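The values are calculated or read from the model by the stated rules, or taken from the named source; none is laboratory data. These figures come from a predicted structure and were not determined experimentally. As a convention, Cβ positions derive from the backbone with ideal geometry for all residues, glycine included, and neighbour counts pool all protein chains shown. Keep in mind that these areas ignore ligands, DNA and RNA; they rest on the heavy atoms of the full protein, side chains included. Shrake-Rupley method; radii C 1.70, N 1.55, O 1.52, S 1.80 Å.
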Amino acid sequence: MKILSVVGARPQFVKLAPIAHACERAGVEHIIVHTGQHYDPMLSDVFFDELGIPAPDVHLGVGSGSHGEQTGKMLEKLDGVLMDYRPDWVLVYGDTNSTLAAALSAVKLHFPIAHLEAGLRSFNRLMPEEHNRVLTDHAADLLLAPTQVAAEHLAHEGLAERTVVVGDVMTDVLLTEVAQLDEAYSPIAAELGLENGTFSIATIHRAENTDDRERLASVLSSLEQVDHTVVILAHPRLVAKCAEHGLTLGGGNLVTHPPVPYSQLLATVRHARGVITDSGGLQKEAFLLRTRCTTVRTETEWVETVQLGWNVLVEPGDALIEAASRPRPADTDATPYGDGHAADRVVGLLQERAR
């Protein structure tokens, strides 16, 4: 059997790692296509090296652009790739333009599609990620839901027969990586001379927080006013938008730092006072590491993190400042994201259901 994975952004590389290892264990041929949607080495190459992922078989080198331009370039190139490899399954991940482009190419060429992380919903149709995930779910032949809540969303849309709850593959890789870390060491804290538990880690990159100058200025001003040090990992999109809007990144209690490898991120989040983010993946990683999270959005796909008290949704301003300084929530032993063996279930299902 032949599985072709299409990835293009940092969260997808993390999800790819356990799938690649599960394919190897099962003796399944696995082709990796990198669209080049994220092409910064710290957001791409470093993850392949660090997580032991084989080098991509194909690199499309698409780069940045508008949503339509980027998706169109991917579609143009993916058609030829799929016809060359003729996989039994096209496996797509999450909710990026790479996800949608691969799903569209596969459905038009009649290759079966499996969508990993299917069924997540923000119910905010202003988000490009929401367009991508909804359209991909309705095009896919097999919907690999990470949680029961995701499966319920798919059932509500009439897709129950295509849905299987497999757990969350990011939980697989996080548990593997954390087991290999020095329990006490926090790389960014050590570099900046901060004590564990005294700082927050921040990431801001989504369009709804960065495209509008006034909103981005409000987010940055709020981070500067948090009552402890906030270290923001400066995603290339954030740096570019600050330059475009004439905004200074850093000041007050806000300190900037380049993006870091995945293991360093986990090691630092584990010892941080909190996380402040608009990233979906980091909300979940913070929960799994039992670090309180403040999410600068009006909704989240990972509702379990909010329901269990470890995540708070806020708008920029006083709400963000107050939430970032709130006490640590009560401990929980809940495991809504699975047992760390989701990738093996995924590969097993694809083997069982290959046409």
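A few points about this structure:
- The separation of segment 194-262 from segment 330-355, counted between C-alpha centres, amounts to 34 Å.
- Over 25 Å apart at the Cα level, from the set K73/K108; K15/K77; K108/K284, are K108/K284.
- When the helices of the chain are scored as -39500 (n - 2.57) per DSSP H run of n ≥ 4 and the total is divided over every residue, the value at 222 nm lands at -13500 deg cm²/dmol.
- Per DSSP, loop GluC sites (Glu not before Pro) in segment 265-355 with at most 14 further Cβ within 10 Å: E299
- Amide H within-cut-off set for T163, under 5 Å, with H built and near neighbours excluded: L143
- You can think of it this way: the chain between A26 and L247 has 74.5 nm of extra reach, that is 0.36 nm per residue less the Cα-Cα gap.
- Couplings for segment 279-288, taken from phi via the Karplus curve 6.51 cos²θ - 1.76 cosθ + 1.60 with θ = phi - 60°, read 7, x, x, 5, 4, 6, 4, 4, 4, 4 Hz in order; Gly and Pro are left as x.
- Modelled label positions at D211 and A55, each set 7 Å beyond Cα in the direction of Cβ, lie 3.7 nm from each other.
- Net charge, G274 excluded, C-beta distance under 14 Å - Lys, Arg +1, Asp, Glu -1: +3
- In segment 166-240, GluC sites (Glu not before Pro) in a DSSP loop with at most 16 other beta-carbon atoms within 10 Å: E183, E195
- Its Cα gyration tensor gives segment 137-197 an equivalent ellipsoid. The semi-axes, each the square root of 5 times an eigenvalue, are 39, 12, 9 Å from largest down.
- Per residue solvent-accessible surface (Å²) - segment 254-355, probe of 1.4 Å: 37 Å²
- Cα gyration tensor, segment 184-332 - rounded (a/c under 1.5), prolate or oblate: oblate
- Whole-Å distance, taken between Cα centres, linking segment 140-162 and segment 52-88: 26 Å
- For L75, net neighbour charge (Lys/Arg +1, Asp/Glu -1) across residues whose Cβ lies under 14 Å away: 0
- Heavy-atom surface analysis with a 1.4 Å probe gives the chain a carbon and sulfur content of 51 percent of its accessible area.
- Environment charge of Q148, counting only residues whose C-beta is closer than 13 Å and scoring Lys/Arg +1, Asp/Glu -1: -3
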